[in-house]
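Presented below is the structure to which this report refers.
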Amino acid sequence: MSTAHQSWAKRNRMTLTPLLFLLPGILFFAAYVIIPIFQSFNISLYEWDGLGEATYVGTRNYEELLTDRNFEISLWNNVKWLVLYLLAIPAGLFIALFLNQTVFGIRLYKSLFFFPFVISQVVVGLVFSWFYLPREGLLNAVLTTLGMDTINVLGDPTLATYGIIAAGLWPQTAYCMILYLTGLNAVDPEQVEAGRLDGAKGLKMLWYVILPQLRPATFIAFVVTIIGALRSFDLISIMTNGGPFGSTRVLSFYMFEKALSEYGFRMGYGSAIAVVLFFIMLFFIAYFLWSMYREERQSRH
Amino acid sequence: MLKKFASVAGALALSTALVTPAMAELSGKLRIISDMSNPAPRAIMEGLAADFDAMHPGLEVEVEIVDREAWKSQIRNALTANSPDVINWYAANRMGPYVNAGLFEDISDMYANGDLPGLDSVKGAMTLDGKQYGVPYTYYQWGIYYREDIFKELGLSEPATFDEEMANCAKILESGRKCYTIGSKFLWTAGGWFDYMNMRTNGFDFHMKLATGEASWTSDEVRETFANWRKLIDMGAFIDDHQTYSWQEALPFMVKGEAAAYLMGNFVVPHLREGGMTDDQIDFYQFPKIADVPMGEDAPTDTFHIASGAQNKEAARAFLQYVTSPDVQTKINGPEGLGQLPVNAGSSVADDEFITQGFDMLSNNATGGIAQFFDRDFPAEMASIGMEGLQEFMVFPDNLDDILNRLESARERIYK
C-alpha cells in the first residue's frame, strides 16, 4: 500500500512539485484578489452601509450610476488620464534618445532625469501644488514676468485635471525613459549600420530601424503607463482632494469617497463603481495578455 | 507614562470622590480608543486615563490614540471587531449610523437616575429617538474672529446687523483688504457660512427642517439665504482662490492683515496666537442678525460613548461619570487643556477672552437653538454633496439654480 502511494507521488512529481510551490501564491491570490472581485459584484447589488443589514436592490445602484453626473465626470476624467498619460511614452523615448550618447557625466544626467520616478507620488503632488499656487507659485511668477494673467490651475474646474495629469507625467516620463534607455542598449549596431548604408537617416531611421527593435520596451512602457493612469488616486487625493466641486475625481477616487471616506459608507454604490472600473481594467489586461500570448507563440515558431 | 501623572491623580481623586457616587470597586481592564490625537488633547486624554487608573487600583486603563481624521473611518472596524469599552465620537446625527446598528450603548438610565448631574443643557445633543447614547466632554463656539487693530484703524465697531456687517465690509474693501478669509478646499468651511446665513435668514427651526429633509433646497427660503450670501460674494468680500486652500492655509491672510476676519470655530485662536497675534489684535463677535429670528449658533460637541460590545461596562460608565464631573470638566477645558467650553453646568469657565465671550453668547444669546455643524446635522451623504455645492456657489454664484436642483434631487433620494 505504502509503496503504491509512494510510487504514485513519484510518478506525478513533475506535476505535483510545481503545484505545491504555486499553492501558497494561489491561495493568497484567491483570498485577496479573486474572491474579493466576486464579493464586489455581489455587494454592488445591495444597499449596505457596512454596518447594518444589507438590502437587495438588484441593479438599482447601476441605474443610479447612469444618472449620476459625478460618475460621468469621473469616467471622462479617467479617459483624459488614459489618453494624456500616454504622452509619457513619446516623451520618454525622446529623452532616452537624447541621453543615449557618451559625453562626460552622462550617468549624472541620466540619474537626474530618473530622479522624479524615485520620489514618492505624494511628494510629487505636493511639489506641483506649490508650483501651481495662485499667488506664491512659481508658475504664476513666470506668467507674470512674461506679462500674462495669472491662473489658478488647481482651483479652476476646467484646468485642474490637466494640472494633475501634468504632475503625473513628470515621474511617468522618467519611467518610460529608463525603459527605453535599456532598450536602446540592445539595439543591434549592425542593423543600424545596414540601414545607414541603404540611406536611412533621421526620422526614417528611427521609425523603420530603431523603433521595431524597441518593441519590447514600448510594450512594457505602454503597460506601466496604462496602469499608472488608472492608479492616479494619490496625486488627486493630495493635490485637490477631488475638487474643486468634484471636477478632478476619477473612478477609483469616487469609489473611495462613496464607500470608505468620512461621508461615504455606501458600500453597494461604491462596489458598483468598482465593478465598472474592473471592466475597464479587464479590457486592457485582456489586451496585454492576448498580445503577450501572441508574441510568445510567434517566437516559438 | 502612567506614573508621571500619579501625583496629580491623587489630588484629583480626592476632589472627585465628593461628586462621584459611591460604587463597588472597579476591576479588570478598561480599553479606551480616543481620537484626541493633536498634542494638547492627547496629553489631556492620557492624563484622564492615568488619573482614572490611579483612582481605581484594581482597574487597568489602556488608551489607544488614533489619528483624528483616520478615526472617522476606522471607528467602524473598531466597533465591530474586538470592540473597546469607551470611544470618542461626535454628537447629534453623526451618532445615527452607530445607534441604528446597535453599536452604541443606550445610557438613558444614567441621565434618568441622576448619575450625570449638571448635563441637562447638553442632553439634547446626545439624544436620538428619545434615548441618550453618550456624554459630551467639550464643545466650542463658532463666530467671527476679526483683527481688532484693523477695525480700530478703520474706525469700525462690531456689527450687530447684516447691514452694518456689509457697511463694515465695504470700508475694509476700500482699504485694500478682503473682509473674510476662508479656505474651502476641504469644503466644510463653506458649510459654516451656510449654517449661519441660513440660521440668520430663516431661523434655527427652518435650518433643522432642511437638515432633516423636511424642507426643500429649491424653496424660496433657501433661495433667500443664498441671495443674502451672494451680496457678500458680489462685493468681493472673500479672498480669491479660496477653493485651493485648506482652512490652515487661509490663516496667513488674516495674520498678514490681508483679510480682516474669519468665520471659524474657537479652535482657530491658538493658531492665530502661534502666528504672532496678540489678544489686542484679535477679537470675536457673534454672527450678526439678518432677519428678525432668534439667533441660532453652531457649537459642535465632542463626545464619549460606550460600545455595546464593551467587556467592562461598569468601568466604562464610571469613566463617563468621571469625565463629565464638574472638576474634571473645569480642568480639561481650562487654558492649560483644550481651551474650550466645559459641558457641566457646575464647572467654571476658563478666564480667556474668547472662551468667556463664547460662553456668554451661547448661554444668553443663542435663543434660537444650538446646532452641531453642517456636516454633523445633515446626514453624511447629504452633507458631502451639499458642501460641494456650497463651494461651487462661492466660486460660481451664477450656477445656483443648477446646484439647488442637484441638492434637491439628492434630498429626494437620501431621505426616503
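What follows draws every value from the coordinates through simple rules; no lab data is involved. None of these values were measured; they are calculated from a predicted model. Cβ coordinates were reconstructed from backbone atoms using ideal geometry, including for glycine residues, and neighbour counts include every protein chain displayed.
Among the GluC sites (Glu not before Pro) in the stretch A:41-113, which ones are in a DSSP loop with at most 11 other Cβ atoms within 10 Å of the Cβ? Mind listing them? Let's see the in-between values first.
On the way: sites: A:Glu47, A:Glu53, A:Glu63, A:Glu64, A:Glu72; in loops: A:Glu53.
Taking the stretch A:41-113 and a limit of 11 other Cβ atoms within 10 Å, the loop GluC sites (Glu not before Pro) found are A:Glu53.
Over all residues in A:260-266, what is the mean tally of Cβ atoms on other chains that come within 10 Å of each residue's Cβ? Could you put the intermediate results ahead of the total?
Working: counts 2, 4, 10, 14, 4, 5, 2.
If you average over the peptide's residues, the count of other-chain Cβ atoms is 6.
Just want to confirm a number: the relative contact order over chain B, from Cα pairs under 8 angstrom separated by 6+ residues, in percent.
Working: 720 pairs, mean separation 103.6, N = 416.
Contact order relative to length: 25 percent.
How much length is gained on full extension from B:Lys171 to B:His271, taking 0.36 nm per residue of separation minus their Cα-Cα distance?
Numbers: separation 100, 0.36 × 100 = 36.00 nm, distance 2.65 nm.
Full-extension gain reported as 33.4 nm.
In degrees from 0 to 90, rounded to the nearest 10, what is the angle of the helix B:313-324 Cα long axis to the longest principal axis of chain B?
Tilt relative to chain B: about 50 degrees.
So for the stretch B:270-416, averaging the separation of alpha carbon pairs under 8 Å that are six or more residues apart and normalising by length, what relative contact order in percent results?
On the way: 114 pairs, mean separation 32.7, N = 147.
Value for the stretch B:270-416: 22 percent.
In terms of the ratio Rg/(2.2 N^0.38 Å) built on C-alpha atoms, what value belongs to chain A? Each step should come with its number before you reach the end.
Details: Rg = 24.9 Å, N = 301, 2.2 N^0.38 = 19.2 Å.
It is 1.29.
So which GluC sites (Glu not before Pro) in the stretch B:256-361 pass both tests, a DSSP loop state and at most 13 other Cβ atoms within 10 Å of the Cβ? It would help to have the intermediate numbers written out before the result.
Values: sites: B:Glu258, B:Glu274, B:Glu297, B:Glu314, B:Glu336, B:Glu353; in loops: B:Glu258, B:Glu336.
The qualifying sites are B:Glu336.
Count, for each residue of B:372-381, the Cβ atoms from other chains sitting within 10 Å of its Cβ, then give me the mean as a whole number. Show your work: numbers first, answer last.
Values: counts 0, 0, 0, 2, 0, 0, 1, 1, 7, 7.
Average neighbour count from other chains, rounded to a whole number: 2.
Restricting to Cα atoms and excluding each atom paired with itself, what does the Kirkwood estimate give for the stretch B:232-273 in Å? Walk me through the numbers on the way to the answer.
Details: mean 1/r = 0.0901 Å⁻¹.
So the Kirkwood estimate lands at 11.1 Å.
To one decimal place, what Kirkwood hydrodynamic radius in Å is obtained for the stretch B:103-244 from all pairs of distinct Cα atoms? Spell out each step's value before the answer.
Working: mean 1/r = 0.0546 Å⁻¹.
Taking every pair of different Cα atoms in the stretch B:103-244, averaging 1/r and inverting gives 18.3 Å.
Only bridges with both residues in chain B count here: give the DSSP antiparallel percent, nearest 5.
60
Divide the volume of the convex hull of the Cα atoms of the stretch A:172-223 by its number of residues and quote the answer in cubic angstrom per residue.
Output value, Cα hull per residue: 68 Å³.
When N is the residue count of the protein assembly as shown, what does its C-alpha Rg come to as a fraction of 2.2 N^0.38 Å? Mind dumping the intermediate values first?
Working: Rg = 30.6 Å, N = 717, 2.2 N^0.38 = 26.8 Å.
Rounded to two decimals, the normalised Rg is 1.15.
Show log10 I(q)/I(0) for the stretch B:22-132 at q = 0.13, 0.18, 0.21 Å⁻¹, two decimals, from a solvent-free Debye sum over equal Cα scatterers.
For the stretch B:22-132 at q = 0.13, 0.18, 0.21 Å⁻¹, log10 I(q)/I(0) is -0.59, -1.16, -1.39.
Which shape class applies to the stretch A:173-301: rounded if a/c is under 1.5, otherwise prolate when a/b exceeds b/c and oblate if not, where a ≥ b ≥ c are the square roots of the Cα gyration tensor eigenvalues? Don't skip to the end; give the middle numbers.
On the way: a/c = 4.32, a/b = 2.30, b/c = 1.88.
In terms of gyration-tensor shape, prolate.
Across the stretch B:106-114, in residue order, what do the Karplus-derived ³J(HN,Hα) couplings come to in whole Hz, using 6.51 cos²θ - 1.76 cosθ + 1.60 with θ = phi - 60° and x for Gly and Pro?
Values per residue, Gly and Pro as x: 6, 10, 4, 4, 5, 5, 6, 8, x Hz.
From the P(r) of chain B, can you give the percent of Cα pairs sitting at distances over 32 Å?
On the way: 32540 of 86320 pairs.
In whole percent, the share of Cα-Cα pairs in chain B beyond 32 Å is 38.
Could you compute how fast the stretch B:177-242 diffuses translationally, taking Rh as the Kirkwood radius over C-alpha pairs and applying Stokes-Einstein at 25 °C with viscosity 0.890 mPa s? Give it in µm² per second.
194
Kirkwood hydrodynamic radius, computed over distinct alpha-carbon pairs, for the stretch B:135-179: how many Å, to one decimal? Kindly include the intermediate steps, with their values, before the conclusion.
Values: mean 1/r = 0.0830 Å⁻¹.
About 12.1 Å, per the Kirkwood formula over Cα pairs.
In square nanometres, what is one fourth of the surface area of the convex hull spanned by the alpha carbons of the stretch B:310-416? Before the final figure, lay out each step's value.
Numbers: hull surface 44.9 nm².
Quarter of the Cα hull surface area: 11.2 nm².
In whole Hz, what ³J(HN,Hα) sequence does the stretch A:177-189 give by Karplus (6.51, -1.76, 1.60; θ = phi - 60°), x for Gly and Pro?
Those phi angles translate into 4, 5, 5, 5, 4, 5, x, 5, 4, 8, 5, 6, x Hz.
In whole Hz, with x marking every Gly and Pro, tabulate ³J(HN,Hα) for the stretch A:121-126 from phi via Karplus 6.51 cos²θ - 1.76 cosθ + 1.60, θ = phi - 60°.
4, 5, 5, 4, x, 5
Please list, by residue number, every one of the chymotrypsin sites (Phe, Trp or Tyr not before Pro) in the stretch B:222-289 that is coil in DSSP and has at most 16 other beta-carbon atoms within 10 Å.
B:Phe267
Give the residue from B:Asn344, A:Ala259, B:Tyr111 lying farthest towards the positive end of the charge dipole for the protein assembly as shown; charges sit on Cβ (+1 for Lys and Arg, -1 for Asp and Glu) and the dipole is referred to the Cα centre.
A:Ala259
Identify, among A:Pro244, A:Gly202, A:Ile220, the residue whose Cα sits farthest towards the positive end of the charge dipole of the stretch A:201-267, taking +1 on the Cβ of Lys and Arg and -1 on the Cβ of Asp and Glu, with the dipole about the Cα centre.
A:Gly202
Scan around B:Tyr137 for amide H atoms under 5 Å from its own, H built in the peptide plane at 1.01 Å from N, and keep only partners 5 or more places away or cross-chain.
Under 5 Å from the amide H of B:Tyr137: B:Asp302, B:Thr303, B:Phe304.
Please report, in debye to the nearest 20, how large the charge dipole of the stretch A:119-272 is about its Cα centre when each Lys and Arg carries +1 at its beta carbon and each Asp and Glu carries -1 there.
Numbers: 9 positive and 10 negative charges, 50 e Å.
Magnitude of the dipole: close to 240 debye.
How big is the equivalent ellipsoid of the stretch A:86-217 along its three axes, where each semi-axis is √(5λ) from the Cα gyration tensor, reported in whole Å from largest to smallest?
Semi-axes from the Cα gyration tensor: 36, 16, 14 Å.
Where does chain B land at 222 nm, in deg cm²/dmol rounded to the nearest 500, when only DSSP H runs of n ≥ 4 count, each adding -39500 (n - 2.57), divided by all residues?
Details: 17 runs with 189 residues, N = 416.
It comes out at -14000 deg cm²/dmol, rounded to the nearest 500.
Would the stretch A:71-164 count as rounded, prolate or oblate if I go by the C-alpha gyration tensor, calling it rounded below 1.5 in a/c and otherwise prolate when a/b exceeds b/c, oblate otherwise? All intermediate terms of the calculation are to be shown ahead of the outcome.
Numbers: a/c = 2.19, a/b = 1.39, b/c = 1.57.
Oblate is the answer for the stretch A:71-164, as a/c is 1.5 or above yet b/c matches or exceeds a/b.
Just the number, please: percent antiparallel of the DSSP beta bridges in the protein assembly as shown, rounded to the nearest 5.
On the way: 24 of 40 bridges.
Of those bridges, close to 60 percent are antiparallel.
Cα-based Rg (one decimal) and Dmax (whole number) for the stretch B:224-295, in Å?
Just the Cα atoms of the stretch B:224-295 yield Rg and Dmax of 14.0, 39 Å.
Near the amide H of A:Tyr46, under 5 Å away, which other amide H atoms are found, from residues 5 or more places off or on another chain, if H is placed in the peptide plane?
Result for A:Tyr46 returns A:Val57.
Could you tell me how many degrees, from 0 to 90 and to the nearest 10, lie between the Cα long axis of helix B:400-414 and the main elongation axis, the longest principal axis, of the Cα atoms of chain B?
30
Which value, in debye to the nearest 20, gives the size of the charge dipole of the protein assembly as shown about its Cα centre, when Lys and Arg are +1 and Asp and Glu are -1 at the Cβ? Mind dumping the intermediate values first?
On the way: 53 positive and 80 negative charges, 815 e Å.
Computed about the Cα centre, the dipole is about 3920 debye.
So what are the three principal axis dimensions of the stretch B:264-328 from its Cα atoms, in whole Å, longest to shortest?
Here the spans come out as 49, 38, 23 Å, largest first.
What would the Debye equation give as log₁₀ I(q)/I(0) for the stretch B:187-328 at q = 0.17, 0.20 Å⁻¹, counting only Cα atoms as equal point scatterers?
-1.06, -1.21
Among all the lysines, which ones have a C-alpha under 30 Å from B:Lys256's C-alpha, if same-chain residues fewer than 8 places away are not counted?
B:Lys152, B:Lys171, B:Lys178, B:Lys185, B:Lys231, B:Lys289
Using modelled amide H (1.01 Å from N, peptide plane; none on Pro or chain starts), what sits under 5 Å from the amide H of B:Ala259, excluding residues fewer than 5 places away?
Placed amide hydrogens put B:Lys178, B:Met254 under 5 Å from B:Ala259.
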